[in-house]
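The values are calculated or read from the model by the stated rules, or taken from the named source; none is laboratory data. Everything quoted here is computed from the prediction, not taken from an experiment. Backbone-built Cβ (ideal geometry, glycine too); neighbour counts: all protein chains shown. Heads up: the accessible areas ignore ligands, DNA and RNA and are worked out on the full protein's heavy atoms, side chains in. Shrake-Rupley method; radii C 1.70, N 1.55, O 1.52, S 1.80 Å.
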Amino acid sequence: MSSIFSKIISEELPCYKIAEDDSFLAFLDINPLVEGHVLVIPKQEIDYLFDIDDSLLKDMVIFSKKVAKRIQKAIPCKRIGLSVIGLEVPHAHIHLVPMQSMKDMNFSNAKLALSSSQLEVIQSKINSVSE
Ligand code: 5GP
């Protein structure tokens, strides 16, 4: 199903890109729970994460692991939490959220409204970390 994330993949819409390969894209969540909240999406248009083919899903977790390690080096946190919600955007995605405590993974929390310059700073912090 086409969604706003398809437009990000096709670069019709911009994003704060963190990582990309032939199959996946990682970029900052525009309304993050905390600074460094990243979304990982497959380039294939598919709504529900658990409908993804086994092989692609395995690769998506490995891709997410590499991104998570970079976030953890760039953003002060105890761990990177991983969550699958998908109630807003009908394109499969994994949320990677830097956590100081379990409360940071509460998707009912108010989202941060960050300026583009704040998002750019976070992007460059994460992108300054190589694998
Ligand atoms: P979910 O579908 O998992 O409930 O939430 C979708 C997530 O995508 C939300 O955290 C929301 O802030 C994020 N999001 C929605 N639209 C955009 C967008 O256009 N760009 C970016 N970077 N994130 C978005």
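Figures for the structure shown
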| quantity | calculated |
| --- | --- |
| Residue within the range 26-36 that is modelled with pLDDT under 95, within 15 Å of the ligand (Cβ to nearest atom) and under 14 Å from the mean Cα position of the chain (by Cα) present | no |
| Criterion (closer than 24 Å to GLN118 by Cα and within 13 Å of the ligand (Cβ to nearest atom)) met by exactly one of LEU82, LEU87 | LEU82 |
| Residue match in the range 20-34 (condition: in contact with a helix residue (DSSP H, G or I) (Cβ under 8 Å, 6 or more places away or on another chain), open to solvent by 20 Å² or more (accessible area, probe 1.4 Å) and without any contact (Cβ under 8 Å) to a residue 40 or more places away in the chain) | no |
| Those residues of the range 31-55 which are touching a Phe, Trp or Tyr at 6+ places or on another chain (Cβ under 8 Å) and within 20 Å of ILE71 (Cβ to Cβ), in sequence order | LEU33, VAL38, LEU39, VAL40, ILE41, PRO42 |
| Identity of the residue in the range 1-19, touching a residue at least 24 places away in the same chain (Cβ under 8 Å) and more than 23 Å from SER128 (Cα to Cα), that ends up surrounded by the most Cβ atoms within 10 Å (Cβ to Cβ) | PHE5 |
| Qualifying residue in the range 85-92 (condition: free of Cβ contacts under 8 Å to residues at least 12 places away in the same chain and assigned to a helix (DSSP H, G or I)) | no |
| Residue match in the range 40-60 (condition: open to solvent by 20 Å² or more (accessible area, probe 1.4 Å), in contact with a strand residue (DSSP E or B) (Cβ under 6 Å, 6 or more places away or on another chain) and within 16 Å of the ligand (Cβ to nearest atom)) | no |
| Verdict on ASP104 being away from the ligand (no atom under 12 Å from the Cβ), farther than 23 Å from ILE8 by Cα and either part of a helix (DSSP H, G or I) or open to solvent by 40 Å² or more (accessible area, probe 1.4 Å) (or both) | yes |
| Answer from LYS111, LYS66, LYS125, LYS73 - the residue that is in contact (Cβ under 8 Å) with a residue 40 or more places away in the chain, open to solvent by 70 Å² or more (accessible area, probe 1.4 Å) and touching a helix residue (DSSP H, G or I) at 6+ places or on another chain (Cβ under 6 Å) | LYS125 |
| Among the residues listed as VAL40, VAL67, VAL61, the single one being in contact with a Ser or Thr (Cβ under 8 Å, 6 or more places away or on another chain) and not in a loop (DSSP other than H, G, I, E, B) | VAL40 |
